[in-house]
Amino acid sequence: MIKTWRWFGKKDGITLNMLRQIGVEGVVTALYDIPPGEVWSTEIIDELKQTIEKAGLVWSVVESLPVAEEIKYAAPSRDSLIDNYKESLTNLGKAGVKTICYNFMPAIDWVRTDLNYLLPDGTSTLYFDKIRFACFDCMILNRPGAENEYSDDEIEQMNQLYKEMTIAEKEALIDTIIVKTQGFIHRNITRGNSIPVVEFRKQVEKYKGIDKELLRENLYYFLQKVIPVAEEQGIMLCIHPDDPPFPVFGLPRIVTNADDIDWILQSIPSRSNGLTFCAGSLSAGKQNDVPALAHQFADRVGFAHLRSTQLLPGGNFMEASHLEGNGKLIEVIRILEQARPDIPMRVDHGRLMLDDKEKDYNPGYSLLGRMVALAQVEGMMAVIRKENEITRQ
Ligand code: DNO
């Protein structure tokens with residue numbers, strides 16, 4: 001697979017020249033300043049493409065071309081927003097960027113409760129703690145009926161924890177769940193928003209009455225309109241699994257397991273209707289056998305996210321080393337190297353280590369932590385390629 005790296009544009013403290021030094025071949029990026037729903041013009045696409053190419057790299061993947069919330073909850077404006085999406089796809093296709101990642105998670109993208117969970121060796125990692133999450137959901141967001149989604153025991157633990165939390169800890173939890181993890185990836189709540197909880201509550205309320213079936217319908221409505229454009233442009237539009245792959249805030253999630261993925265890929269059996277194989281997101285669902293999923297859907301995978309999580313008791317999980325955990329990356333890489341050797345892959349969610357801790361990197365996107373992960377993944381790929389060579393002889 002092609003070694004790529006997520007780069008956050010000119011504002012990213014990790015520059016394109018640094019990426020060359022660490023052996024990256026392609027760049028994964030987006031036009032982060034354009035709000036979801038607006039057209040990506042040819043001029044701005046070309047400018048970014050040239051910046052990347054001047055540094056001796058290629059723009060391998062768009063992550064993400066965001067789908068406006070109004071499309072996901074089927075607001076009356078969705079048709080014109082879908083037209084904009086089609087226009088952006090056409091402009092990207094003409095510029096030669098043919099792999100596009102997107103997601104269909106309502107109101108919130110990935111969810112973690114701790115961005116700096118300290119490990120015994122002094123590095124830190126991302127963590128999801130169900131009880132802390134319940135504190136936010138039931139006590140801070142005050143979502144009606146939220147308590148019914150937790151067991152009595154969990155509610156008791158939550159009440160206890162909430163009582164012990166300081167105001168600063170509560171603010172940090174808000175910041176982690178709906179600001180820091182969201183703002184840098186095209187979400188409405190960005191750093192500096194003074195009333196994030198109120199804003200977020202409004203966004204969640206937009207999905208009132210939308211269950212799994214309706215959200216699927218809305219995805220199908222969207223795909224039916226955009227896939228023909230992707231086909232025309234030779235683009236693979238690759239849906240990203242839900243992270244984590246279970247419902248949160250009473251919102252439906254529709255990319256969580258084999259049945260969901262199968263439903264999406266079958267709904268429009270076109271190669272342009274593809275999958276971003278995020279081993280990490282899928283690994284956080286105890287229902288998922290990640291290598292089996294890679295095997296089942298390999299021919300529709302257009303892009304791979306290589307990372308892994310460790311499932312912990314009580315519904316908690318944390319990012320594992322790329323060599324360990326439920327992502328089972330050695331097996332996943334073996335399958336994808338065989339079936340999809342030409343697709344781009346990137347590592348995801350590196351640890352914070354050494355000098356990373358002094359920097360203000362986007363959560364999960366450290367330099368040194370990701371470099372270690374990339375080196376581990378390269379090592380696995382090298383062994384697997386060698387094995388394949390020997391088998392072929
Ligand atoms: C988080 C990322 C996600 C991902 C989007 C893709 O670190 O993996 O935000 O980029 O969901 O659309």
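The values are calculated or read from the model by the stated rules, or taken from the named source; none is laboratory data. This is a predicted model, so every value here is computed, not measured. A quick note on method: Cβ atoms are made from the backbone with ideal geometry, for glycine too, and the neighbour counts reach across all protein chains shown. In case anyone asks, the SASA skips ligands and DNA or RNA and just uses the protein heavy atoms, side chains included. Shrake-Rupley method; radii C 1.70, N 1.55, O 1.52, S 1.80 Å.
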Practice item. Scan segment 98-118 for residues that are more than 23 Å from SER366 (Cβ to Cβ), within 15 Å of the ligand (Cβ to nearest atom) and of a type outside the set (Ser, Thr, Tyr) and jot them down. Key: ILE100, PHE104, MET105, PRO106, ALA107
**Study point:** Qualifying positions in segment 362-375 - surrounded by 17 or more Cβ atoms within 10 Å (Cβ to Cβ) and outside any loop (DSSP other than H, G, I, E, B)
**Key:** LEU368, GLY369, ARG370, MET371, VAL372, ALA373, LEU374
Practice item. Take segment 352-385 and flag every residue that is of a type in the set (Lys, Arg) and closer than 22 Å to PHE303 by Cα. Key: ARG370, ARG385
Practice item. Output the residues belonging to segment 140-160 that are open to solvent by less than 60 Å² (accessible area, probe 1.4 Å) and more than 16 Å from GLY315 (Cα to Cα). Key: ILE140, LEU141, ARG143, GLY145, ALA146
Practice item. Give the number of residues within segment 284-306 that are within 16 Å of the ligand (Cβ to nearest atom) and either within 14 Å of LEU126 (Cα to Cα) or of a type in the set (Phe, Trp, Tyr) (or both). Key: 2
Check your understanding: Of these, LEU119, LEU115, which one is open to solvent by 10 Å² or more (accessible area, probe 1.4 Å), at pLDDT 95 or above, among the aliphatic types (A, V, I, L, M) and under 23 Å from the mean Cα position of the chain (by Cα)?
Key -> LEU115
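Let's see how each residue does on (1) within 16 Å of the ligand (Cβ to nearest atom); (2) farther than 21 Å from GLU63 by Cβ:
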residue: SER308; (1), (2): yes, no
residue: LEU311; (1), (2): no, yes
residue: MET318; (1), (2): yes, yes
residue: ASN326; (1), (2): no, yes
residue: MET345; (1), (2): yes, no
residue: LEU352; (1), (2): yes, yes
residue: ASP355; (1), (2): no, yes
residue: LYS359; (1), (2): no, yes
Exercise for review: Please work out if ARG216 is assigned by TED's automatic domain parsing to the domain that holds GLY280 and assigned to a loop (DSSP other than H, G, I, E, B).
Suggested key: no
Exercise for review: Show the residue pairs that are 6+ apart or on different chains and have beta-carbon atoms under 9 Å apart, the first residue being within segment 184-197 and within 14 Å of the ligand (Cβ to nearest atom), the second being modelled with pLDDT under 70 and among the hydroxyl-bearing types (Ser, Thr, Tyr).
Suggested key: PHE184/THR190
